[in-house]
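Everything below concerns the one structure shown next.
What follows draws every value from the coordinates through simple rules; no lab data is involved. Values in this document were obtained by computation on a predicted structure and should not be read as measured data. When we count neighbours, we look across all protein chains shown, and the Cβ atoms used for this are built from the backbone with ideal geometry, even at glycine.
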Protein chains: 4
Amino acid sequence: MSGNTHGTLFRVTTFGESHGVGLGVTIDGCPAGLSLDVEAIQREMARRRPGQSRIVTQRKEGDGVELLSGTFEGKTTGTPIGMVIYNQDQRSKDYSHIYDKYRPSHADYTFAAKYGHRDYRGGGRSSARETAARVAAGAVAQQLLAGFGIKIRSYVDQVGDIRTGKEHEELDLSLIDSNDVRCPDPEAAARMEEEILAVRKAGDTIGGVVKCVISGVPPGWGEPVFDKLHADLGKAILSINACKGFEYGSGFAGVTLRGSAHNDAFYTDADDRVRTRTNRSGGIQGGISNGEDIYFRAAFKPVATIISDQESVNEAGESVTVVGKGRHDPCVLPRAVPIVDAMAALVLADHCLRARVNRL
Amino acid sequence: MSGNTHGTLFRVTTFGESHGVGLGVTIDGCPAGLSLDVEAIQREMARRRPGQSRIVTQRKEGDGVELLSGTFEGKTTGTPIGMVIYNQDQRSKDYSHIYDKYRPSHADYTFAAKYGHRDYRGGGRSSARETAARVAAGAVAQQLLAGFGIKIRSYVDQVGDIRTGKEHEELDLSLIDSNDVRCPDPEAAARMEEEILAVRKAGDTIGGVVKCVISGVPPGWGEPVFDKLHADLGKAILSINACKGFEYGSGFAGVTLRGSAHNDAFYTDADDRVRTRTNRSGGIQGGISNGEDIYFRAAFKPVATIISDQESVNEAGESVTVVGKGRHDPCVLPRAVPIVDAMAALVLADHCLRARVNRL
Amino acid sequence: MSGNTHGTLFRVTTFGESHGVGLGVTIDGCPAGLSLDVEAIQREMARRRPGQSRIVTQRKEGDGVELLSGTFEGKTTGTPIGMVIYNQDQRSKDYSHIYDKYRPSHADYTFAAKYGHRDYRGGGRSSARETAARVAAGAVAQQLLAGFGIKIRSYVDQVGDIRTGKEHEELDLSLIDSNDVRCPDPEAAARMEEEILAVRKAGDTIGGVVKCVISGVPPGWGEPVFDKLHADLGKAILSINACKGFEYGSGFAGVTLRGSAHNDAFYTDADDRVRTRTNRSGGIQGGISNGEDIYFRAAFKPVATIISDQESVNEAGESVTVVGKGRHDPCVLPRAVPIVDAMAALVLADHCLRARVNRL
Amino acid sequence: MSGNTHGTLFRVTTFGESHGVGLGVTIDGCPAGLSLDVEAIQREMARRRPGQSRIVTQRKEGDGVELLSGTFEGKTTGTPIGMVIYNQDQRSKDYSHIYDKYRPSHADYTFAAKYGHRDYRGGGRSSARETAARVAAGAVAQQLLAGFGIKIRSYVDQVGDIRTGKEHEELDLSLIDSNDVRCPDPEAAARMEEEILAVRKAGDTIGGVVKCVISGVPPGWGEPVFDKLHADLGKAILSINACKGFEYGSGFAGVTLRGSAHNDAFYTDADDRVRTRTNRSGGIQGGISNGEDIYFRAAFKPVATIISDQESVNEAGESVTVVGKGRHDPCVLPRAVPIVDAMAALVLADHCLRARVNRL
């Protein structure tokens, strides 16, 4: 049973490979009456686009989103929103150097093992090209959420060993897009950029951590016991290429605290809202939002494509050398930011609708 | 839209609160022909049971599983397996001290905000009592998987600051149940037990990390792009009470490596199986199992119930003190182990079936 | 992939066989705050119960519904409602006369072909005993719908060749339960009862038609293009044992009309509601309710169990005689009425919730 | 919750309106390794196309299917198959005569009531134009099924009062496409054609019945208790525009028979296959295929668009006249045939895959 649909009420289905004719996405369940800004969708696409800066891959990709259905006179009609993104250059390049080889730490071997019939052109469906459709859908979700006053802001918190070393409250998140790294700490961003350029020069790659902060979510979103809000966020983020870990609130570091130091005391604020004095819960308690900022961190491994020869095997099981070549991202983090934004938006849009049917 | 169903083909739906009449679970989609060992289900229940040792809560709970349907002459028939677990003592205790108060870092406030109508008896559906039904279902899944040679072994890797400091390959996993902590490193286990007892004496609680190792999964399980195997594992594990983080393979630590150091080289082993020389991928590449051991780590926060007074608010928004009392787990980790086993088993049983429809 | 879950937002999962320990149902998604009348559930069970009159089977079945979860202080909490119904006498009777034989027009052969492992005791999961769980769930749905002013009333419209010959508007639907047949036309009911008794005396069975009328549904329920309201009703009704056909509005008879005679003209009534002068649409247009009464008819074949010997084969494929014996319904129609009510209620409760997320 | 996805394992999601940019469909779950004949998809589109004969609408529609993903070197890869169909002329025609009026027995009023925001151009999503995407997906399903020896053949059995009066076994189904009506009884087809032309001349419309015969389905497909094979077929067929009724096997006529006359006796045929001497079960017993031909009938009402003035109301609730004009089908039956084929194929492809996970 294939897994190309995300969400239950705000339901997104994607298709498309890196070197096929095109990609696309259908959003089924976007409520009627939303004024849809197609330019804003395109702006999110531009944040994900290759070639946007010197620290990302210089590969060429088409990223023009064509809206085929689901709106009338600028507003959503409640019927499915269909969008397609054509691949710019789908003619078969020469893949003879890898067509029967399994690139280390790529999905070549597992796709072949699973389906028997492998599309070796640029990774096929396992390529990060696939996330273009997610970003288009996520941009629609972000517009839906904006109407509820919800803001999703992801940024690069760590590249290799270089960390901001700051909590999100200590940073000015309006600076996220002020540098190519998408790190709102200008000083750290400069060091990260330097590191990425060094890694690139070495023909190598490096990983890092994206942090995401979501503000404005009202109390009551999330569906225990299996579809807890953080569980759905975790799955969505882990489904992004290269993601190896997810933690929210106090996360892995919180396990060393005692309960008395970890618990978030409740109080009532000046606006008579129930609030917590600290936010180690990460805005989610028992799988349900509590009105505080939701925040999480996601680990991304170094990109598997490198410019050096690697030991591997081919389809016949013979020892081969995979020769390093081609254009690739030295560090996936800057381009991962809009994808994390998109996936978080898809989860929240879904739970926004799900929360509508909890009570009489 | 409620979220009490797990899985798509091996589909598990649970019900029940901590102080209602009982809990239960329906498994729809367990293939016909599986010899079901009811005693083995009960044994897993015993691993989760309160009162099993001096480092867990001494609360009394019924944990007898009654099998109502889905088997005939000892084998599954392909029809739904219904199981119920009655609560031993469902008479209303005196909850007057908390019925309108929100316990810090519990789900009291968020459940009230979501549903309007709150079951304040022992946390209702948000209680970890709910996981009893998961363990029963997971035990069935483990039996299904055992037939394919798959073994799932979770253990306590860290309590507070105390770590095994070892990789799972360095440990003898047959020792997991040899101590009350469920840590296969006897020396670390002893220190962890000491720490838990100290914390308990202080009326406090402490968190930790469970590691899970899954062996025997063949290449080809997992459903990109959204239902990648690790994404489904992540969601399932994050849905367990108190879980704050999930990482697989090299996880958060892997982000500091360069790609050339992180990639897992392929080779062909003596049995002509494609293998990787290292396993930073954690047995999953592109969201699909590659035949190596799958392993992940899960962070659990300190239990929120503590024996000290805490600042909070009541339903009217007034400042109140939540008085610490009652029996609780000083550390959830030893009892979390069978729950992690269960959830991992539910995910793998589901993907075991899903992988059957990938090819003609 | 098993099919024991009904609905998407008001989601019902059933389990249980005719001669296992018991049956049960979980309702996940019933909104919080509904005052649940357990007696009313039991009353619907009584309408389905064997032995309720001399024209139905005299078999003994337990039908006491035990509510295990999902309510607190008489109201639903939004968490799953679990209910079980124990089988009264689950000790193995002597089934040696049929255990390896396929009863004609039963599901014995197809279940064996599908699952390999057949529960031959009274049909196992294929027995109409399974519908007891549906009726319990449907009774909850009916209570939910009653709060919206929606009434579902099914009745027997035809038994064999005996028809009421009247439209539902010409009948007094308060008379449905005034006779054992559940036909609100007393004169027709008397003839139907006579026919059923004659058939029974002959050791034979007879079919018929149930009509269902649903009033009070507001405009706007139903989800094109695949989950149109009548399509979901059709599936739910066709899933009832012995059901062979479904038609709504003008149905099969309407195909002979010309469009000019078939169309329902719109007008505005005294309460400023948009209405139709006629209702050949059956209250549904384009798959969405239009505010008029919804009505449909369902065909039920004669019960397959008869008191005469029949030609068949056994598991080895050998010719055998299936000897007629045992207690059975001469006509399923009177007991089908509450099941049709239940299934219609499940569909409408689901669409009641689904309609909440159509607009901003 | 929107309803634009069909199926569970062979999962089809459609989008698109009659006068938007285009329509499309994603098939998620088609197994890898199927040789896909794109020409054959196009041939099915041609069977549905307007303007194909003088008895259907002469409206112009684009029906070129563009395949965007999911195949490589002519075979499916197991990844989603994306297809789009652009609308030929999407420039806004003049709809001022109907934009705020509700056409009788159309979905104008119910869509407006549901979504608030209505696309009045040619019916928007409620237009039968939407079925083009179903036919494209159904053609893929038919190719999948052909590999298992399964054939789906629908035909027109009745137009208005004119019936073939024959069982499908008495007809030569290879003649279905030999005439414009798609009725394999040449004599009846001639009379039906005459009737349709007369109706058309009168500016009116007429309904009818499509019968579908499915051969080659092995025993064991269908998922009780809710997703019985005939229940899923019923829903799929009822979801087609203008469909008002569904019956399978003996259907509504069978209710007048006694059980002794209705039951299908089993025997073993020369090839040692278990067979039934008669087939009143319609190839399905207990919701599971038994290996005999599956057959059903579907009622289609007369098309709602007619060339005469009709009483109605507008959005303000004022009395208005809907003036008859435009090109429409005098009888939907000939073009409904490929749509019934498509929907039946989608259901069977889904159950083909679902049946794979029934046993160990």
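Taking only DSSP H segments of four or more residues, each worth -39500 (n - 2.57), what value at 222 nm results for chain B once the sum is divided by all its residues, to the nearest 500 deg cm²/dmol?
Value at 222 nm, helices only, nearest 500: -7500 deg cm²/dmol.
With a bin width of 5 angstrom, please list the P(r) values of segment D:123-171 as percents of all Cα-Cα pairs, from the 0 bin to the one holding the largest distance.
5, 14, 15, 14, 16, 21, 12, 3, 0
Would you look at the GNM of chain C, springs on alpha carbons closer than 10 Å, and say which of C:Glu292, C:Glu187, C:Glu223 moves the most?
Answer for the Gaussian network model of chain C: C:Glu187.
Once R0 is set to 25 Å, what does the formula 1/(1 + (r/R0)^6) return for the Cβ-Cβ distance between D:Thr278 and C:Asp161, expressed as a FRET efficiency to the nearest 0.05?
Computed FRET efficiency for D:Thr278 and C:Asp161: 0.75.
For the pair D:Gln52/B:Arg59, report the inter-label distance in nm, with labels modelled 7 Å from Cα in the Cβ direction.
Distance between the two pseudo-spin positions: 6.5 nm.
List the extent of the Cα atoms of segment B:12-85 along each of their three principal axes, largest first, rounded to whole Å.
40, 23, 16
Do you know the relative contact order of segment B:5-357, to the nearest whole percent, from alpha carbon pairs under 8 angstrom that are 6+ apart?
In percent, rounded to a whole number, it is 22.
Scanning chain C for helices, which whole DSSP H stretches are 18 Å or more long along the axis (Cα) and average -0.5 or more by Kyte-Doolittle?
Those that pass (Cα extent of 18 Å or more, hydropathy at least -0.5) are C:131-146, C:186-201, C:333-354.
Looking only at D:Gly124, D:Gly116, D:Gly149, which one moves most when chain D is put into a Gaussian network model with springs between Cα atoms under 10 Å?
Looking only at D:Gly124, D:Gly116, D:Gly149, the largest GNM fluctuation is found for D:Gly116.
Find the all-direction average of the projected area of the Cα convex hull for segment B:5-357, expressing the result in square nanometres with one decimal place.
19.4 nm²
Determine the equivalent ellipsoid of segment A:98-241 by diagonalising the alpha-carbon gyration tensor, then write out the semi-axes as square roots of 5 times the eigenvalues, largest first, rounded to whole Å.
For segment A:98-241, the ellipsoid semi-axes come out as 30, 25, 13 Å.
What percentages make up the Cα-Cα pair-distance distribution of the protein assembly as shown when the bins are 10 Å wide from 0?
Binned Cα distances yield the sequence 2, 9, 17, 22, 21, 16, 9, 4, 1, 0.
Are there trypsin sites (Lys or Arg not before Pro) in segment C:231-287 that DSSP puts in a loop and that have at most 15 other Cβ atoms within 10 Å, and which ones?
Passing sites in segment C:231-287 are C:Arg273, C:Arg277.
Given the pairs C:Lys151/C:Lys228; B:Lys235/D:Lys75; C:Lys166/D:Lys301; A:Lys114/B:Lys235, which span a C-alpha to C-alpha distance of over 30 angstrom in this model?
Correct reply: B:Lys235/D:Lys75.
Between segment A:256-328 and segment D:143-182, what is the separation of their alpha carbon centroids in Å?
Segment A:256-328 and segment D:143-182 have Cα centres separated by 57 Å.
So, in nm, how far is label C:Ala146 from label B:Ala190 when the simple model puts each one 7 Å beyond its Cα toward the Cβ?
Distance between the two pseudo-spin positions: 6.7 nm.
Starting from the coordinates of the alpha-carbon atoms of segment C:245-360, obtain the Kirkwood hydrodynamic radius over all distinct pairs and give the value in Å to one decimal.
18.6 Å
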